[in-house]
Amino acid sequence: MTSSDISIRREDDVVVVTPVGEMDAVTSPALAKALDAILSHPPHGVVVDLTKVGFCDSRCIGVLVAAYRQARDLGVGLVVAEPQRQVMRLFMIAGIDQVIPIIETVGGAVDGLKG
């Protein structure tokens with residue numbers, strides 16, 4: 001995955017990060033780099049839009065948990081939105097749904113984080 005496979009857009013003071021494809025040991029570092037860059041100039045909130053991610057492994061989960069903790073320490077809300085069924089199942093098995101807020105829609109996630 002190249003950085004062009006991760007789109008980043010702003011909606012007011014909320015940044016929406018949309019990775020595309022499979023998030024694994026090869027591709028997850030690009031997501032980590034994008035989230036680090038966003039959190040270096042903290043917005044009010046960050047939505048990780050997983051509508052276009054068909055697979056997520058433990059490396060991806062690690063990236064999301066690290067970004068969530070970094071955001072929390074900065075006072076920034078970070079949520080995951082619209083994971084596909086198999087990704088959501090993995091999050092539930094791994095207990096990620098107990099750590100990171102998972103929102104049903106991207107629009108709902110953005111609205112919930114707007115200051």
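Data table
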quantity: Hz values of 3J(HN,Hα) by residue in the range 19-34 - Karplus curve (6.51, -1.76, 1.60), Gly and Pro given as x; calculated: x, 10, x, 9, 9, 9, 4, 7, 9, 4, x, 5, 5, 4, 5, 5
quantity: Over the chain: helical MRE at 222 nm, DSSP H runs n ≥ 4 each giving -39500 (n - 2.57), nearest 500; calculated: -12500 deg cm²/dmol
quantity: Computed over the chain: relative contact order in percent, which uses C-alpha pairs under 8 Å that are six or more apart; calculated: 28
quantity: Amide H within-cut-off set for Cys56, under 5 Å, with H built and near neighbours excluded; calculated: Met23
quantity: Computed E for Ile93/Ser40 - FRET, C-beta separation, R0 35 angstrom, nearest 0.05; calculated: 0.65
quantity: Derived scalar couplings ³J(HN,Hα) [the range 79-90; Karplus, 6.51 cos²θ - 1.76 cosθ + 1.60; whole Hz; x for Gly, Pro]; calculated: 9, 9, 10, 6, x, 5, 3, 5, 5, 4, 4, 4
quantity: Leu78 long-range amide H proximity, modeled H, under 5 Å; calculated: Val46
quantity: Cubic angstrom per residue, convex hull over Cα atoms of the chain; calculated: 84
quantity: Nearest-0.05 FRET efficiency for Asp12 and Gln84, computed from C-beta distance (R0 35 Å); calculated: 0.85
quantity: Table column - 3J(HN,Hα) (Hz), the range 48-59, Karplus curve with 6.51, -1.76, 1.60, x for Gly and Pro; calculated: 9, 7, 9, 4, 9, 9, x, 8, 9, 9, 4, 5
quantity: Filtered trypsin sites (Lys or Arg not before Pro), the range 1-109: DSSP coil and at most 15 other beta carbons within 10 Å; calculated: Lys52
quantity: Cβ charges +1 (Lys, Arg) and -1 (Asp, Glu), total dipole of the chain, debye; calculated: 140
quantity: Antiparallel bridges, percent of DSSP beta bridges restricted to the chain (to nearest 5); calculated: 30
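Readers should treat all values here as calculations from the given coordinates under stated rules, not as data from a laboratory. Predicted model only: the values in this text are computed from it and were never measured. Positions of Cβ are backbone-derived with ideal geometry, glycine not excepted, and every protein chain shown enters the neighbour counts.
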